[in-house]
Amino acid sequence: MIIDPHPELALVLDQLFTQHVTGEHPEHFSRYLALTKMFETSGLSTRLKKIESRMATLEDLTAVHDKRYLTLAQREIESNSQQLSAGDTAVCPDSWLVASHAAGSVCAAVDEVYSETHTYTKRAFCAVRPPGHHATPDRGMGFCIFNNIAVGARYAQQKYGVGKVAILDWDVHHGNGTQDIFYEDETVLFCSVHQSPWYPGTGMLEELGSGKGRGFTLNAPLPAGSDMTQIGDKIDAKFLTAMRKFSPELIMISAGFDSRLGDPLGKFRLLDEDYKTLTNWIRKIAEEFSDGRLISVLEGGYSLEGLAAGVQAHVEALE
């Protein structure tokens, strides 16, 4: 096998992410073991540029999270609590370290795609856990501690002067935390397609943002059983049209694979080939508007086989 000396796709993959131990909780470290095995057996791990995970700094985290929440979450984790006070996010003594690396790894991916040294690397996939898109400015919930993709988006704006960021969320659950963080912000276009009614009960059509941010939040709630026909139509006709009008300088994906057929925590019916199609659509937008810069961040996906297969399809399309 010939190894490309200048891979365009970078990968965060770190066994540290197995140290967030959650008991019998669905967001279990076995998810990460399934991904690690897939990357090794598929050969992807040898073809992609490796990015070292790193901890998010306090400055990184406070760019999107309230300091009081961070203090409370750290106290709860370090006091051997088994869950955050919101009640649905399991934690262990290592969870602060691991979650900080999950958020910081997205910042590391931003550094990579904006590197003046590795100018050939334009895209990155962050295989991180715990997921992040439910974490609001002042609350960890829905298996999430920090909002990884939001931390990365704000980092890109603050460090590299990125003016406009577009985020597409195709997790089966609405990314309420990401929406909340950027709800009044005209510099971030947030687009979410998700099952409704379903957890967390947000993401209705009328949720469009407020103040200067009105019109920069777009939701496509769809019923259980929706497949690529319905999901792809919303992404193509609604979201991609909005992205072209928005002209983003960086595109990010909250890549949840609980939208795949057979996932135990969702009832969408996307197939592996659908993730390839969606990824190719977003790549074209990135090539047109953001000099090809595209960062994908893992969110949900709770069937081990389905998660591995969906991620493989997505990453191969990113490659």
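Could you check residue 159 against (1) loosely packed, with under 15 Cβ neighbours inside 10 Å; (2) farther than 20 Å from residue 61 by Cα; (3) not small (Gly, Ala, Ser) and say which number it fails?
Just one mismatch for residue 159, condition (2).
I need the helices (runs of 4 or more DSSP H) fully contained in region 239-319, keeping only those with at least 2 residues that are free of Cβ contacts under 8 Å to residues at least 12 places away in the same chain.
Working: elements: 241-246, 272-289, 304-318.
In region 239-319, 241-246, 272-289 are the helices (runs of 4 or more DSSP H) which contain 2 or more residues that are free of Cβ contacts under 8 Å to residues at least 12 places away in the same chain.
Do you know which residues across region 112-127 are touching a Lys or Arg at 6+ places or on another chain (Cβ under 8 Å) and closer than 21 Å to residue 282 by Cα? Outline the logic, then answer.
Let us first name the residues in region 112-127 that are touching a Lys or Arg at 6+ places or on another chain (Cβ under 8 Å), namely 112-114, 118, 121-123.
Result: 112, 113, 114, 121, 122, 123.
Among the listed residues 59, 27, 40, identify the single one that is acidic (Asp, Glu) and either in contact (Cβ under 8 Å) with a residue 40 or more places away in the chain or part of a loop (DSSP other than H, G, I, E, B) (or both).
Details: 59 fails: either in contact (Cβ under 8 Å) with a residue 40 or more places away in the chain or part of a loop (DSSP other than H, G, I, E, B) (or both); 40 fails: either in contact (Cβ under 8 Å) with a residue 40 or more places away in the chain or part of a loop (DSSP other than H, G, I, E, B) (or both).
Checking each option against the conditions leaves just 27.
What's the total number of residues in region 98-126 that are hydrophobic (A, V, I, L, M, F, W, C) and either touching a Cys at 6+ places or on another chain (Cβ under 7 Å) or closer than 12 Å to residue 146 by Cβ (or both)?
Taking region 98-126 first, the residues hydrophobic (A, V, I, L, M, F, W, C) are 98-99, 102-103, 106-110, 113, 124-126.
From what's left, either touching a Cys at 6+ places or on another chain (Cβ under 7 Å) or closer than 12 Å to residue 146 by Cβ (or both): 98-99, 102-103, 106-107, 109.
So the answer is 7.
Taking only region 166-212 into account, find how many residues are of a type in the set (A, V, I, L, M), in a helix (DSSP H, G or I) and free of Cβ contacts under 8 Å to residues at least 60 places away in the same chain.
If we filter region 166-212 for residues that are of a type in the set (A, V, I, L, M), which is where we start, we get 166-168, 172, 181, 188-189, 193, 204-205, 208.
Then keep just the ones that are in a helix (DSSP H, G or I); that gives 181.
In the following step, the residues that additionally are free of Cβ contacts under 8 Å to residues at least 60 places away in the same chain were identified as none.
So the answer is 0.
How many of the residues in region 288-316 are surrounded by fewer than 19 Cβ atoms within 10 Å (Cβ to Cβ) and on the phi < 0 side of the Ramachandran plot?
Taking region 288-316 as the starting set, the residues that turn out to be surrounded by fewer than 19 Cβ atoms within 10 Å (Cβ to Cβ) are 288, 291-292, 304-305, 316.
Narrowing further to those that are on the phi < 0 side of the Ramachandran plot: 288, 304-305, 316.
The qualifying residues number 4.
Among the residues of region 79-128 satisfying the criterion of being among the polar types (S, T, N, Q) and assigned to a helix (DSSP H, G or I), which is surrounded by the most Cβ atoms within 10 Å (Cβ to Cβ)? Give the steps one after another, and end with the answer.
Keep residues of region 79-128 that are among the polar types (S, T, N, Q), which gives 79-83, 85, 89, 95, 100, 105, 115, 117, 119, 121.
Still in the list and also assigned to a helix (DSSP H, G or I): 95, 100, 105.
Numbers: 95: 26, 100: 22, 105: 29.
Filtering region 79-128 for residues that are among the polar types (S, T, N, Q) and assigned to a helix (DSSP H, G or I), the one surrounded by the most Cβ atoms within 10 Å (Cβ to Cβ) comes out as 105.
Filter region 275-287 for residues that are of a type in the set (Ser, Thr, Tyr) and closer than 21 Å to residue 175 by Cα; which is surrounded by the fewest Cβ atoms within 10 Å (Cβ to Cβ)?
Of the residues in region 275-287, the ones of a type in the set (Ser, Thr, Tyr) are 275, 277, 279.
Pick out the ones that are also closer than 21 Å to residue 175 by Cα and you get 275, 279.
Working: 275: 25, 279: 23.
Looking at the filtered set, the residue picked out is 279.
Is it fair to say residue 209 is on the phi > 0 side of the Ramachandran plot and either at pLDDT 95 or above or touching a Pro at 6+ places or on another chain (Cβ under 8 Å) (or both)? Give the steps one after another, and end with the answer.
Details: on the phi > 0 side of the Ramachandran plot: yes; either at pLDDT 95 or above or touching a Pro at 6+ places or on another chain (Cβ under 8 Å) (or both): yes.
Answer is yes for this residue.
Within region 136-165, restricting attention to residues that are assigned to a helix (DSSP H, G or I) and among the β-branched types (Val, Ile, Thr), which residue is nearest to residue 202 (Cα to Cα)?
149
The values are calculated or read from the model by the stated rules, or taken from the named source; none is laboratory data. None of the values given here were measured: they were computed from a predicted structure. Glycine gets a Cβ as well: all are built from the backbone with ideal geometry, and neighbour counts include every protein chain shown.
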